[in-house]
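Notes to accompany the following structure.
What follows is calculated from the coordinates using simple rules that are stated; it is not laboratory data. Note that the coordinates shown come from a computational prediction; the quantities given were computed from them, not determined experimentally. With ideal geometry, Cβ positions are generated from the backbone for all residues, glycine too; neighbour counts draw on all protein chains shown.
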Ligand SMILES: *Cc1c(COP(=O)(O)O)cnc(C)c1O
């Protein structure tokens, strides 16, 4: 992979800037379409729970092949209303991997239940064995988190859950369209949630999310919790909250969803380039390649690798204009000083190790092949290979 261009003669070595994520491009990519949608929705005065929201939910339903879809205010509150819909609350425990966003654990706390953290496996996703070791008679559910757009291996998780009579609930915030054995992330558990935060694979212009389920009873509870406890007739049938997605955002998201297959394909293409360009470097442990195994179809929300001398590599890339960042600033949930986990002396060796090695290199729709090759070249340069 050595470039024929001498380093000191290569102008791109000094001029290139590859941000980790380009927020402005989210809008400019389809700017004309978005302006048209903005005017259309605005002129109709269709702001809350209108046709655009229903249309988006229908489209998401067929995309995911799931029975019920409720768009939500954001991915965090989608988890909260999902847990409430299952009646999970004070006295209950939910097992969550420590390698996740704080929101996964926070949602459990917010419904009054106790989040119990477990370790990750070789795939950097929830470890079924570790999850099983945390089960008590208070455990109501295990929450696999499909981090980086890879669906957790669901078979071993369901084996554990069924054996102990606990539910599976999925945080699929990062995994829209990712599949395991042909089935979409988010559709395995009692419910699954997604986030449309701008930097997520399907991002809107603010906060947004969704919750999905194949269970009619759970769907009814979710419907009530999302909109002030109101049923189909608008009558209050129980407690609820406001967790609705803005109709305007739904209209934008529906448009983006139509192009989403291109996005998944491009992300997988970039992952393949990283794999081909970096796969031989002994100091790196890469995420699974797009064609690594039959069971998984990954959509690469992030490309999170494990790197020897991670901090050095990150600095080197920064100096080369490359925005490589640590996921969640490199802090796993059990490591937050302000939260009770840090005093629980948890033994989570794989998560602990990964927190010192993990680094996310740019993975987004604005990158050109040249950008990817430049990043690969700089990483190779750093390790002198
Ligand atoms: C982004 C994210 C969330 C929260 O989603 P928001 O829409 O930002 O509330 C939850 N879990 C994971 C794993 C995430 O990446």
Next on the checklist: Given the -39500 (n - 2.57) contribution per DSSP H run of 4+ residues, what per-residue ellipticity at 222 nm results for the chain, rounded to the nearest 500 deg cm²/dmol?
Outcome noted: -11500 deg cm²/dmol
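Quick check: from the Cα gyration tensor, does region 124-265 come out rounded (a/c under 1.5), prolate or oblate?
Oblate, because a/c is 1.5 or more while a/b does not exceed b/c.
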Item to check | Helix axis angle, 369-382 relative to the chain longest principal axis, alpha carbon, degrees | outcome: 60
Checklist outcome for this item: Longest principal axis of the chain (C-alpha) makes with the long axis of helix 31-44 (C-alpha) an angle, in degrees to the nearest 10, of 20
Next on the checklist: Please report the antiparallel percentage of DSSP beta bridges with both residues in region 136-282, rounded to the nearest 5.
Outcome noted: 60
Checklist entry - Counting DSSP beta bridges with both partners in the chain, what percentage is antiparallel, nearest 5? => result 65
Checklist outcome for this item: The residues 358, 170, 232, 58, sorted from fewest to most surrounding Cβ atoms within 10 Å, come out as 232, 58, 358, 170
Checklist entry - In what order do 223, 154 fall by count of nearby beta-carbon atoms within 10 Å, going from fewest to most? => result 223, 154
Next on the checklist: Using Cβ counts within 10 Å as a stand-in for footprinting exposure, how do 351, 139, 193 rank, fewest first?
Outcome noted: 139, 351, 193
Checklist outcome for this item: Between the Cα axis of helix 260-278 and the main Cα principal axis of the chain, the angle (0 to 90°, nearest 10) is 40
Checklist entry - Looking only at 137, 302, 247, which one moves most when the chain is put into a Gaussian network model with springs between Cα atoms under 10 Å? => result 137
Next on the checklist: When a/c reaches 1.5 or more, the comparison of a/b and b/c decides; with that in mind, is the chain rounded, prolate or oblate per its Cα gyration tensor?
Outcome noted: oblate
Checklist entry - Between region 292-362 and region 126-145, what is the C-alpha centre distance in whole Å? => result 22
Item to check | Relative packing of peptides 41-52, 124-135 - highest average C-beta neighbours within 10 Å first | outcome: 124-135, 41-52
Item to check | Rounded to 5, the percent of DSSP beta bridges in region 68-226 classed as antiparallel | outcome: 50
